[in-house]
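Visitor: Following this message is one structure expressed as structure tokens.
The values are calculated or read from the model by the stated rules, or taken from the named source; none is laboratory data. Just so it is clear, the structure is predicted and the values come from calculations on it, not from any experiment. Positions of Cβ are backbone-derived with ideal geometry, glycine not excepted, and every protein chain shown enters the neighbour counts.
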Amino acid sequence: MKWKITTPGLAASGVCIALVGCATAPPAPRDVPVIERSTTKQPESARQGLPQEQPPDPKSQEPRSGSEASRSQEPNADALAATPVVVALLDAADRQTQAGQLSAAAASLERALRIEPRNPETWYQLAMIRLRQNHLDQAEQLARKAEALAGGDPVARARSWRLIAAAREQAGDLDGARTARQTAEALQKPL
């Protein structure tokens, strides 16, 4: 069988082959830098003999405000170490509470919790506000969260249990309040 090639057919075939070739051509490779990360490697500054920046010693810094000073003197101050924004929000909540603006204080504390949700001091302060607002169930739950986050700090844990006792007592649960006070006392006893 003989193939008869016509000029229009040949041109059409060439166009089809060219289009198929363009459509299936792989994209040109791009030079993508590969960044290796390893926790065992030293920083570039250490390898070059440059001095490394050391984190500041929290014990050598003086507190900036009264409420921050009281927080830094507690036994587990490292667990309460807060970012400057959270410290400012805690200070604002203190001022708002003293001015009787409990809703504004609660809003400041809730904002601080969105920034730093594992700060037991913030949970405790919000529990205190809710207790003063007579939101007793909420106060107890917030105090339980503060107690759980306080970890190995028996003073902070006992303080949370005393708040739980106060909430239960105001709610009329005298047996529950007595149990919470006993738990607080047990935390305060020396080993």
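Visitor: In this structure, does Trp123 turn out to be touching a Lys or Arg at 6+ places or on another chain (Cβ under 6 Å) and either in a helix (DSSP H, G or I) or at pLDDT below 50 (or both)?
Guide: Considered against the rule, which asks whether it is touching a Lys or Arg at 6+ places or on another chain (Cβ under 6 Å) and either in a helix (DSSP H, G or I) or at pLDDT below 50 (or both), Trp123 comes out as yes.
Visitor: Which numbered condition in (1) under 25 Å from the mean Cα position of the chain (by Cα); (2) assigned to a helix (DSSP H, G or I) is the only one that Gln182 fails?
Guide: (1)
Visitor: Among the residues of the range 90-99, is there at least one that is of a type outside the set (Val, Ile, Thr), part of a helix (DSSP H, G or I) and under 16 Å from the mean Cα position of the chain (by Cα)?
Guide: Scanning the range 90-99 turns up at least one residue that is of a type outside the set (Val, Ile, Thr), part of a helix (DSSP H, G or I) and under 16 Å from the mean Cα position of the chain (by Cα).
Visitor: Has the range 135-148 got at least one residue that is of a type outside the set (D, E, K, R) and farther than 19 Å from Glu110 by Cβ?
Guide: no
Visitor: Now for a different question. Residues of the range 92-128 being hydrophobic (A, V, I, L, M, F, W, C) and over 17 Å from Ala156 (Cβ atoms), which ones?
Guide: Residues satisfying the conditions are Ala92, Ala93, Ala99, Leu102, Ala104, Ala105, Ala106, Ala107, Ile115.
Visitor: Go through (1) modelled with pLDDT under 95; (2) in a helix (DSSP H, G or I) for Arg157 and report which single condition fails.
Guide: If we test Arg157 against (1) modelled with pLDDT under 95; (2) in a helix (DSSP H, G or I), just (1) comes out false.
Visitor: Pairs please, first residue from the range 121-145 and free of Cβ contacts under 8 Å to residues at least 24 places away in the same chain and within 21 Å of Gln98 (Cβ to Cβ), second anywhere and basic (Lys, Arg) and buried (at least 20 other Cβ atoms within 10 Å of the Cβ), Cβ atoms under 8 Å, 6+ apart in sequence or on different chains.
Guide: Between residues of the range 121-145 that are free of Cβ contacts under 8 Å to residues at least 24 places away in the same chain and within 21 Å of Gln98 (Cβ to Cβ) and residues that are basic (Lys, Arg) and buried (at least 20 other Cβ atoms within 10 Å of the Cβ), the close pairs are Leu142/Arg130.
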